[in-house]
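Here the structure comes first, spelled out in structure tokens, and everything after it is commentary.
The values are calculated or read from the model by the stated rules, or taken from the named source; none is laboratory data. Computed from a prediction, not measured in an experiment: that's the story for all the values here. Using ideal geometry, Cβ is built from the backbone for each residue, glycine included, and neighbour counts are taken over all protein chains shown. These area figures cover heavy atoms from the full protein model, side chains too; ligands, DNA and RNA do not enter into them. Shrake-Rupley method; radii C 1.70, N 1.55, O 1.52, S 1.80 Å.
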Amino acid sequence: MKILVTGAAGFIGFHLAQRLLREGHEVEGVDNLNDYYDVTLKLARLDRLRPLPGFRFHRLDVADTAAVDRLFASGRFDSVAHLAAQAGVRYSIENPHAYVRANLAGFVNIAEACAQQGVGHLVFASSSSVYGANRKAPFSTRDNVDHPVSLYAATKKSNELLAHSYSHTYGLPVTGLRFFTVYGPWGRPDMAYFKFAEAIEAGRPIPVYNHGDMSRDFTYIDDIVEGVVRVLGNPPRQSYSALHPEESLSQALYRIYNIGNHQPVKLLDFIGALERCLGKTAVKQYLPMQPGDVPCTYADTEDLERDTGFQPATAIEEGLSKFVEWYRGYFGYRRSVAC
């Protein structure tokens, strides 16, 4: 298959492209290489992809309509994994227009091109952030998600609505994946676990928000990629109304899945596991909750498991050990990992 992966120099996109190439697929990768975080890390990921047979890279902004149209006109893709987006809950407060451009305009460009070119399956990244201030746990795709608490979450909810409309109008098979706190080697430096590792290694205090009373459904990157690969090969073949006749008469070939570990971990337990892997004790600075944050995420993954057989398999200690091994190797540390 010929598969387009947008955000190919990003954390999940890089790992997904690597997996697809090793399985013998032809992959075209797209990324604008913006400076939201260290571009050298994105370039280092690309350096590992370029030698793999079947890979071709385009430096391209998905918000550039003409460039996206040219790419699709020449590409003739069987499937698209649309992972390119402006990430980060807190940054959406500082720079809202970046989210409108990348997550809304960029999404419409990709969806429109998929519809016009007859792509067989569009899989896109949503987020657990869409659950907002939801108090019910675990979070189910049948829960109401009309109350986002950040602009980032609002753009991801908008992506789901746009995807449904394109599927209904054009018969485009579409699947959205609500990712739950992805971590692992080659991860994003803006993520909390990455910042914790940097601070602990340097002996600096780490900020522990909501005074540590937080839990996250941490999901290891290999488990995420396994779920995405299974979904890519399994486009929806029934309309939304056939699956939920009591809710809608929509004819969209459309699904939304949670993709998480289904085992939330308390933040202080996560920090403890990271301390053991690093062989160091963190200096903790307890702080109030940050704007736009939520105290708990917890994925109900029953639908994904039923439809694809997906079950995450990586324990926190194992995943963090692999992250620390990569982190110390990438940044030049030469200490053993005792975890």
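General remarks:
- Debye log10 I(q)/I(0) at q = 0.18 Å⁻¹ for segment 110-218, Cα point scatterers: -1.00
- Nearest 10 degrees, 0 to 90: helix 106-117 Cα axis against the chain principal axis: 40
- Inter-centroid distance (Cα atoms) of segment 28-95 relative to segment 149-173, Å: 20
- Maximal additional length on extending the ALA199-LEU161 stretch stands at 9.8 nm, based on 0.36 nm per residue less the C-alpha distance.
- Between SER127 and PHE179, the built amide H atoms are under 5 Å apart, and every one of these is 5 or more places off in sequence or on another chain.
- Global form of segment 113-153, assessed from the alpha-carbon gyration tensor, a/c cut-off 1.5: prolate
- A DSSP coil position with no more than 14 other Cβ atoms inside 10 Å describes the following chymotrypsin sites (Phe, Trp or Tyr not before Pro) in segment 250-339: PHE331, TYR333.
- Helix 267-278 vs. the chain, principal-axis angle (Cα, 0 to 90°, nearest 10): 70
- Selection from LEU4, SER165, LEU52 lying farthest towards where the dipole of the chain points positive, charges on Cβ: LEU52
- Heavy-atom surface analysis with a 1.4 Å probe gives the chain a carbon and sulfur content of 50 percent of its accessible area.
- Residues listed by number, segment 46-73, amide nitrogen under 11 Å from ALA105 label point at 7 Å toward C-beta: 62-66
- With R₀ set to 45 Å, the beta-carbon distance separating GLN251 from GLN290 gives a calculated FRET efficiency near 0.60.
- Hz values of 3J(HN,Hα) by residue in segment 127-142 - Karplus curve (6.51, -1.76, 1.60), Gly and Pro given as x: 7, 5, 4, 5, 6, x, 8, 4, 9, 7, 9, x, 6, 10, 5, 8
- Take every pair of alpha-carbon atoms less than 8 Å apart whose residues are at least six positions apart; their mean separation over the length of the chain yields a relative contact order of 17 percent.
- Cα shape, segment 25-67, gyration tensor, a/c 1.5 rule: oblate
- Put SER167, SER215 in order of accessible area, highest first, and with a 1.4 Å probe you get SER215, SER167.
- Acute angle (nearest 10 degrees) that the helix 151-170 long axis makes with the longest principal axis of the chain, alpha-carbon atoms: 20
- Qualifying lysines (Cα of each under 29 Å from Cα of LYS42; at least 8 residues distant if same chain): LYS2, LYS156, LYS157, LYS195, LYS280, LYS322
- Where the Cα pairs of the chain fall when distances are cut into 20 Å bins, in %: 31, 60, 9
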